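Contents: one structure, followed by commentary.
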Amino acid sequence: MRTAYHEALESTRLDVVRLGALCGDAIRVAVEALDRRDATAGGRVVAGDDAIDDLRRRIESHCIELIWRQQPVAGELREIAAMLEIATDLERIGDYAVDIAKNAIKLADHPLRPQKVEIDRIASVAHGMLLDAMRAYTERDANLASQVIERDDEVDKLYKRSIKLLQEEMQEDPELVRAGTRFLFVLASLERCGDRAGNIAWHTKDMIGTT
């Protein structure tokens, strides 16, 4: 029974890693779709959200089953709790990717775009945080998790600066208001991705037993 239990635990752990990879790809492709005015790529991100939702539900179901079928010891219980929390954060990141992709689709044929807003930079930091948070989880690396948490301040600073620059640009050119408003939504989604990556890092530290 314990052998089957540990096999199920490892399988669920791998599903969490797969979910992280799906969400990382979704964010990357959504931002590329925005940059390249690629509505088709944006559509793929939107369509792919069902796979993310299905995998999150499977992880949740397996975690609950692991708890009620066995009596996990303290370390195992911390890991199962972390997997449940991380899966939830990853699903939300998938939702943010969909939001970015939908705005990319709506902006694909829009002739005017803000020039000063630092979408690529904030996206790079937030995406990098997610990749490192998942690596910290996979490798049980508390130091890397701490580094991810510290980098959230960088995302916040970039977000606030980009919001200010975007507002200034829209005030200077009212014709940018429509596109600029959508870029505001994109910035908000990216800032929240950074927050969720930080959450994943915290859950990883809790799982390892590091405060």
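Candidates are the residues of region 117-131 that are surrounded by fewer than 19 Cβ atoms within 10 Å (Cβ to Cβ) and modelled with pLDDT of 95 or more; the one that is farthest from Arg182 (Cα to Cα) is Leu131.
Scanning region 1-33 for residues that are charged (D, E, K, R) and out of contact with any Lys or Arg (no Cβ under 8 Å at 6 or more places or on another chain) yields Arg2, Glu7, Glu10, Arg13, Arg18, Asp25, Arg28, Glu32. For the condition within 16 Å of Val31 (Cα to Cα), without any contact (Cβ under 8 Å) to a residue 24 or more places away in the chain and under 14 Å from the mean Cα position of the chain (by Cα), Gly94 does not qualify. Condition check for Gly180 on (1) over 15 Å from the mean Cα position of the chain (by Cα); (2) without any contact (Cβ under 8 Å) to a residue 24 or more places away in the chain: one failure, at (2).
The values are calculated or read from the model by the stated rules, or taken from the named source; none is laboratory data. Keep in mind that this is a model prediction, so the values were computed, not measured. Glycine also receives a Cβ, built like all others from the backbone with ideal geometry; neighbour counts cover every protein chain displayed.
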